[in-house]
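Below is one structure; the comments refer to it alone.
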Amino acid sequence: MTGHAPSALDVAGLGYRLGGRTLFQDVNMRVAPGRSIVVTGPSGSGKSTLLMCLLGLCKPSAGRITVDGQEITRMWPRARARLRRTTMGMVFQDGELLPELSPVENVALAALLAGRGRRDAYPNAQRLLDDLGVPYAHTRTDDLSGGERQRTAVARALITEPTVLLADEPTGALDPESRDNVAETLFSLPRERGCALLVVTHDRHVAGYGDQRVRLDAGHLAEVAG
């Protein structure tokens with residue numbers, strides 16, 4: 001996928017081999033600030049592995065990944081980890097929150113790990129949770145509904161003001177009403193906050209929210225029309 005706008009995320013010729021099997025090859029995509037792209041495809045096609053490569057947690061066998069002008073495929077692991085903490089946000093299917101902490105503590109912790117000061121981390125976390133409609137921000141995260149937990153996970157991913165926001169099946173464990181609420185929140189973020197958003201999902205309804213849809217199948221990435 002190509003384009004002329006400046007890109008926050010640029011993937012060129014990306015390939016990944018697992019043992020003797022090529023999981024995907026020659027993957028190309030660009031996502032500009034303020035835009036979203038959705039990756040669909042059958043189970044086992046490599047969607048989650050692609051995400052792990054974009055996060056710098058898996059090393060591709062070919063190609064390059066550039067995030068906010070920095071080529072992460074050439075970085076040392078420590079530099080990739082620093083970039084991941086400060087420039088990228090990630091929303092997982094089950095939130096990956098610490099249930100014994102409050103939503104505010106969960107969100108602020110991500111800021112603290114990225115080197116932000118405590119004086120800013122907690123007010124900013126509270127502000128984000130208020131913006132995203134998470135009630136009772138000082139109760140235990142375990143006591144929130146599924147949709148509220150996912151919005152907390154979105155707030156945690158946003159606390160460092162990332163250039164690139166990634167999400168792996170972010171609505172997969174939600175009922176239809178909560179799914180729509182979280183999807184609407186998530187896909188509004190590029191426009192409101194100027195980040196690039198990439199979402200992996202099996203849900204065709206959720207995929208319809210994206211500015212662009214692509215499908216990873218049989219090792220190749222192809223744009224989905226309509």
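The values are calculated or read from the model by the stated rules, or taken from the named source; none is laboratory data. As the structure is a computational prediction, the values presented were derived from the model and not from experiment. Don't worry about glycine lacking a Cβ; one is built from the backbone with ideal geometry, like all the others, and counts go over all protein chains shown. Just so you know, the surface numbers come from the protein's heavy atoms only, side chains and all, with ligands and any DNA or RNA stripped out. Shrake-Rupley method; radii C 1.70, N 1.55, O 1.52, S 1.80 Å.
Odds and ends about this structure:
- Test: residue in the stretch 89-96 that is under 26 Å from Y209 (Cβ atoms), part of a helix (DSSP H, G or I), open to solvent by less than 60 Å² (accessible area, probe 1.4 Å) and out of contact with any Gly (no Cβ under 7 Å at 6 or more places or on another chain): no
- Of all residues making up the stretch 172-226, the number that are free of Cβ contacts under 8 Å to residues at least 24 places away in the same chain and closer than 28 Å to G13 by Cα: 4
- Residues satisfying the stated conditions in the stretch 5-24, i.e. among the hydroxyl-bearing types (S, T, Y) and not in a strand (DSSP E or B): S7
- Residue count for the stretch 161-215 satisfying the condition of being among the small types (G, A, S), touching a helix residue (DSSP H, G or I) at 6+ places or on another chain (Cβ under 9 Å) and closer than 16 Å to A32 by Cα: 2.
- Any hit, the stretch 41-61, residues being assigned to a strand (DSSP E or B) and closer than 14 Å to L221 by Cα: no
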